[in-house]
1. If you check 257, 314, which single one turns out to be closer than 30 Å to residue 153 by Cβ and at pLDDT below 90?
2. Given (1) touching a helix residue (DSSP H, G or I) at 6+ places or on another chain (Cβ under 6 Å); (2) touching a residue at least 40 places away in the same chain (Cβ under 8 Å); (3) surrounded by fewer than 16 Cβ atoms within 10 Å (Cβ to Cβ), identify the lone condition not met by residue 251.
3. Taking residue 267, is it over 16 Å from residue 64 (Cα atoms), touching a helix residue (DSSP H, G or I) at 6+ places or on another chain (Cβ under 6 Å) and either surrounded by 14 or more Cβ atoms within 10 Å (Cβ to Cβ) or without any contact (Cβ under 8 Å) to a residue 24 or more places away in the chain (or both)?
4. Quick one: what pairs do we get from the range 190-214, first residue touching a residue at least 40 places away in the same chain (Cβ under 8 Å), second part of a loop (DSSP other than H, G, I, E, B) and exposed (fewer than 15 other Cβ atoms within 10 Å of the Cβ), C-beta under 7 Å, 6+ apart or different chains?
5. Among (1) surrounded by 13 or more Cβ atoms within 10 Å (Cβ to Cβ); (2) in a loop (DSSP other than H, G, I, E, B), which single condition is residue 103 missing?
6. What about residue 72, is it closer than 30 Å to residue 285 by Cα, exposed (fewer than 10 other Cβ atoms within 10 Å of the Cβ), modelled with pLDDT under 90 and out of contact with any strand residue (DSSP E or B) (no Cβ under 7 Å at 6 or more places or on another chain)?
7. For the range 136-158, which residues satisfy the criterion of being without any contact (Cβ under 8 Å) to a residue 24 or more places away in the chain and touching a helix residue (DSSP H, G or I) at 6+ places or on another chain (Cβ under 6 Å)?
8. When the residues of the range 107-133 are narrowed to those that are in a helix (DSSP H, G or I), surrounded by fewer than 15 Cβ atoms within 10 Å (Cβ to Cβ) and at pLDDT below 90, which ends up nearest to the chain's Cα centre (by Cα)?
């Protein structure tokens with residue numbers, strides 16, 4: 001009988017198994033860096049960027065629990081605990097902000113999640129390489145338009161006096177409608193414009209998933225007499241399910257993060273009752289009113305809610321479909 005390195009050692013009358021994790025962990029990483037140093041060098045700028053702009057700023061989260069003092073900087077100020085969280089929960093704006101943020105965010109996530117799937121399935125059915133490329137290019141282009149330009153286009157087309165869309169709506173009997181000023185039309189206008197701008201770009205990953213489907217499956221389905229809808233239902237859609245689940249989890253991590261720039265540019269005194277969300281309120285409180293601790297507390301609360309949605313969605317997806325981020 002031979003004694004190997006993995007055999008338990010007997011010390012002081014007790015048996016101890018040698019621990020290799022602590023000894024080989026650091027050495028294994030160092031060995032990996034030496035072996036694949038080219039890949040690590042390529043990833044280094046991205047890691048530095050994330051560290052500087054994502055991890056280092058997290059040090060400022062302590063402002064949510066301190067009374068900010070300009071003279072002391074980020075580390076100064078008296079510790080006040082949950083004072084600013086209670087102030088936000090007790091404020092008259094709390095439920096209005098939560099309602100507006102949830103309505104806009106959830107509507108955008110749901111519609112913006114479903115639309116690219118249908119667009120990818122539609123593009124995948126286009127016959128002809130040139131026509132497919134043209135269709136893809138037309139749907140991708142709005143993504144590259146500046147948000148300022150998009151809002152300017154909305155103001156021009158939806159002007160209550162001279163807007164093209166307003167004139168068309170008046171032709172069909174809709175009169176005296178201010179689409180950007182009416183509280184009942186602000187959310188649909190925002191969601192539709194968001195889907196129009198980003199639907200084509202978001203469908204790229206679904207088209208990539210459809211491109212990986214074995215073409216023999218389509219040939220076999222056509223030989224068996226399957227039509228387009230049957231092929232979509234039994235071949236294309238199942239191929240998209242894993243990608244859909246991963247993207248849904250990622251979207252749920254931003255469920256309360258509305259687009260600050262676009263909403264802020266679309267705001268006016270008439271629609272403020274439905275357009276004031278957490279992002280715009282934090283900007284006005286923190287930057288314009290110099291209440292940095294209060295704004296940090298609101299932002300931290302928003303982030304924790306998003307993180308909770310991310311974890312819950314990931315666990316549900318893991319149990320239901322065995323597909324998850326971790």
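1. Numbers: 314 fails: closer than 30 Å to residue 153 by Cβ.
Every option except 257 fails the conditions.
2. Exception for residue 251: condition (3).
3. Yes; evaluated as a whole, the condition is true for this residue.
4. Here the result reads 197/145, each pair linking the range 190-214 to a residue that is part of a loop (DSSP other than H, G, I, E, B) and exposed (fewer than 15 other Cβ atoms within 10 Å of the Cβ).
5. For residue 103, the failing item is (2).
6. no
7. Step one: of the range 136-158, the residues without any contact (Cβ under 8 Å) to a residue 24 or more places away in the chain are 137, 144, 146, 149, 152-153, 156-157.
Within the range 136-158, just 157 meets the criteria.
8. Within the range 107-133, the subset in a helix (DSSP H, G or I) is 107-124, 129-133.
Subset that is surrounded by fewer than 15 Cβ atoms within 10 Å (Cβ to Cβ): 110, 114, 118, 122, 129-131, 133.
Subsequent filtering for residues that are at pLDDT below 90 retains 129-131, 133.
Numbers: 129: 32, 130: 32, 131: 31, 133: 27 Å.
Checked the range 107-133; the qualifying residue nearest to the chain's Cα centre (by Cα) is 133.
The values are calculated or read from the model by the stated rules, or taken from the named source; none is laboratory data. Values in this document were obtained by computation on a predicted structure and should not be read as measured data. Using ideal geometry, Cβ is built from the backbone for each residue, glycine included, and neighbour counts are taken over all protein chains shown.
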